[in-house]
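J.: For reference, the structure I am asking about is given below.
The values are calculated or read from the model by the stated rules, or taken from the named source; none is laboratory data. Small disclaimer: the values here were computed from a predicted structure and weren't measured. Here Cβ is always computed from backbone atoms with ideal geometry, including for glycine, and neighbour counts include all displayed protein chains. Just the protein is used for accessible areas: all its heavy atoms, side chains included, with ligands, DNA and RNA removed. Shrake-Rupley method; radii C 1.70, N 1.55, O 1.52, S 1.80 Å.
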Amino acid sequence: MNECILAIDQGTTSTRAIVFDGSMKPVATSQKEFTQLYPASGWVEHDPEDIWETVVSTAGEAIAKAGLQPSQIAALGITNQRETVVIWERSTGRPVHNAIVWQDRRTEPLCARLRGEGLEELFTARTGLLLDPYFSGTKIAWLLDNVSGARERAERGELLAGTVDTYLIWRLTGGRVHATDATNASRTLVFNIATQQWDSELLSILDIPRSLLPEVKDCGDDFGITDASLFGAPIAIRGVAGDQQAATIGQACFRPGMMKSTYGTGCFALLNTGTDMVASTNRLLTTVAYRIGGRTTYALEGSIFIAGAAIQWLRDGMKLISTARQSGELAAEADPAQNVYLVPAFVGLGAPHWDAEARGAIFGLTRNTGPAEFARAALESVAFQTGDLLEAMRRDWGAPAGGTVLRVDGGMVASDWTMQRLADILDAPVDRPIVLETTALGAAWLAGHQAGVWPGPEEFSKSWALERRFEPRMDHETRAAKLQGWHDAVRRTLTQS
Ligand SMILES: Nc1ncnc2c1ncn2[C@@H]1O[C@H](COP(=O)(O)OP(=O)(O)O)[C@@H](O)[C@H]1O
Ligand SMILES: O=P(O)(O)OC[C@H](O)CO
């Protein structure tokens, strides 16, 4: 029986395709970066054609590297950068504009107007989100209002919209399937997470025609079959989830209280809250963790916009290092007596502050401050921000029975120094698994399970294996002093108190 699964992980800066064998191990990978477009300050776009090209080429390459015929792939799972939106022509598949990326801040004036009209509470109650430019809804509204003829064409039913998964499913199936999954839908600002339906009142506030939007399916479902001409044989698309939710699945966080944090460009921590839709009083998001067999599991999410991107800034902007790996080596040389704090609000601050107008700041510089202190401040900022998220989660949900254990993944967790500092600042163990491609693994599991060739959640959970646990080692006084310094730096960076 064919038990190999292909996963496509369409991320913010690159696309990865990974083939997993029947024992759920990655056997072949292909990765391609693509161009980031910054047409104006605070704007971030992707050319959908770039996204498409990297998906098709990496998928083909991964299948070939695995030494398989496409017909030997049991199913395809898709996971994707969330919130990023595309609008395209129903008849040709041609996008009417570049994709507007999750990091893009152009819709802050619209968000501010809606907040000013007192609508945030309504949006939060229905969607679990906040009125921040991060989410898809205001981006769709911007496209309809600013692309010539788009609104009229949308009203005539000529256009379709979707997050990146939806756009890929449309193209992979040769324009036959317009669908998304519940996790991606839950990031759009127009999806009611309690009823699991598009919300007509929110759609009307944002003036988005319902006909633009896809059908919302379970994460493991029938999303159609890829056009045979793409890979040489049709492949069934059986799993879809937003990348942070896929990582939650890949980390086997299936029980309430289990938590993962992914450190890529940004950092996203998700706490499984089971069937409880916990409303945050600490500015966290309530979101769909996964929907399997018609049953919705929820999560509390803390989203930080800059994590690894701060290391890219050290490398490409400041030119203090030539590889990301050097950041940890440099940080280890920093002077313990210097208290330098970086608040990486390069594109505003996400959870729990949600200050779109804040910008990055550095505090505590002296004549002795050098590259090592900058590197430590950048890496520590990731630990401090995670600490703020976990504190908010504790307030909203309480401490998990048996104490907090954080499962980590993403490019940055390669840094032992950062993981140790994370455990120290959190005062909690940090678990790094052997398989770090948890996002792709989560999508693969959804597809493999749905296709009936991979085991259920319990059996899958047993395959999760620890590579290293980082135990907290910092003394109480040092941690308390550092946290105080960090909170003081954040307070001075915020534009609103
Ligand atoms: N050894 C390291 N130390 C610190 N940061 C690292 C290290 N290796 C990679 N990174 C950071 O991790 C990020 C890449 O992680 P990845 O999970 O591939 O991101 P994404 O999926 O968001 O594109 C980059 O921002 C890079 O700066
Ligand atoms: O593509 P990543 O890994 O940077 O993840 C982006 C998130 O999905 C944004 O919400």
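J.: Given a Förster distance of 41 angstrom, what is the FRET efficiency for residue 475 paired with residue 41, based on the Cβ-Cβ distance and rounded to 0.05?
T.: The value I calculate is 0.45.
J.: Any chance you could run the full-extension gain for residue 27 through residue 277? It's 0.36 nm times the residue separation minus the Cα-Cα distance, nm to one decimal.
T.: That pair, residue 27 and residue 277, stretches by 86.3 nm at full extension.
J.: Would you mind calculating the gained length between residue 158 and residue 468 on full extension (0.36 nm times residue separation, minus the Cα-Cα distance), in nm to one decimal?
T.: Extending this stretch completely gives an extra 106.4 nm.
J.: Defining a contact as two alpha carbons under 8 Å apart and six or more residues distant in sequence, what relative contact order in percent does the stretch 4-235 show?
T.: Worked out over the stretch 4-235, it gives 18 percent.
J.: Here's a follow-up. Can you tell me how much longer the chain between residue 492 and residue 119 gets when fully stretched, taken as 0.36 nm per residue apart minus their C-alpha distance, in nm with one decimal?
T.: Stretched out fully, the residue 492 to residue 119 stretch lengthens by 131.5 nm.
J.: Sticking with this structure for a sec: Could you sort 290-303, 452-465, 330-343 so that the peptide with the highest average Cβ count within 10 Å comes first and the rest follow in order?
T.: Listed from highest to lowest mean packing, they are 290-303, 330-343, 452-465.
J.: Can you tally the lysine pairs in the chain where the Cα-Cα distance is under 18 Å and the two residues are eight or more apart, or on different chains?
T.: So the count works out to 4.
J.: Name the shape class, rounded, prolate or oblate, that the alpha-carbon gyration tensor gives for the stretch 357-497, where a ≥ b ≥ c are the square roots of its eigenvalues, rounded holds for a/c under 1.5, and otherwise prolate holds if a/b is larger than b/c and oblate otherwise.
T.: Note, shape of the stretch 357-497 comes out prolate.
J.: Give the accessible surface of the stretch 58-178 per residue, rounded to a whole number of Å², with probe radius 1.4 Å and ligands, DNA and RNA excluded.
T.: For the stretch 58-178, the solvent-accessible area averages 33 Å² per residue.
J.: Relative contact order for the stretch 119-211: what is it in percent, counting Cα pairs under 8 Å that are at least 6 residues apart?
T.: Relative contact order here is 33 percent.
J.: I've got another one for you. Considering the stretch 240-314, what Rg and Dmax in Å follow from its alpha-carbon atoms?
T.: 12.9, 45
J.: Hey, another quick one. How many angstrom lie between the Cα centre of the stretch 94-147 and the Cα centre of the stretch 316-354?
T.: 30
J.: With the convex hull built on the Cα atoms of the stretch 30-120, state its orientation-averaged projected area in nm².
T.: Over every viewing direction, the Cα hull of the stretch 30-120 projects on average to 8.7 nm².
J.: Using the charge dipole of the chain (Lys, Arg: +1 at Cβ; Asp, Glu: -1 at Cβ; taken about the Cα centre), state which of 464, 144, 184 has its Cα farthest towards the positive end.
T.: Positive-most Cα among the choices belongs to 464.
J.: Hey, can you list the DSSP H helices of the chain whose Cα span along the axis is 30 Å or longer and whose average Kyte-Doolittle score is at least -1.0?
T.: Those that pass (Cα extent of 30 Å or more, hydropathy at least -1.0) are 371-397.
J.: Oh, and also: Using a Förster radius of 30 Å, what is the FRET efficiency between residue 361 and residue 145 based on their Cβ-Cβ separation? Nearest 0.05, please.
T.: Approximately 0.35, to the nearest 0.05.
J.: Can you show me the helix-derived [θ] at 222 nm for the chain, built from DSSP H runs with n ≥ 4 at -39,500 (n - 2.57) apiece and divided by the number of residues, rounded to the nearest 500.
T.: -10000 deg cm²/dmol
J.: If you take all C-alpha pairs in the stretch 4-235, what percent of them are over 25 Å apart?
T.: Cα-Cα pairs of the stretch 4-235 separated by over 25 Å account for 41 percent.
J.: Quick one: what does P(r) look like for the chain with 20 Å bins over all Cα pairs, in whole %?
T.: 25, 58, 17, 0
J.: While we're on this one: Which of the GluC sites (Glu not before Pro) across the stretch 105-169 are loop residues per DSSP, with 14 or fewer other Cβ within 10 Å?
T.: Hits after loop and neighbour filter: 117.
J.: Over the chain, what is the relative contact order in percent, taking alpha-carbon pairs closer than 8 angstrom and at least six residues apart?
T.: Result for the chain is 15 percent.
J.: Ok, one more. To the nearest 0.05, what FRET efficiency results for residue 399 and residue 92 with a Förster distance of 60 Å applied to their C-beta separation?
T.: 0.65
J.: Within 10 Å, count the other beta carbons around each residue, average over each peptide in 238-247, 178-187, 390-399, 361-370, and list them highest first.
T.: Descending packing order for the listed peptides: 238-247, 178-187, 390-399, 361-370.
J.: Mind listing the Cα extents of the stretch 286-424 along all three principal axes, in Å, largest one first?
T.: Its Cα atoms span 57, 34, 26 Å along the three principal axes.
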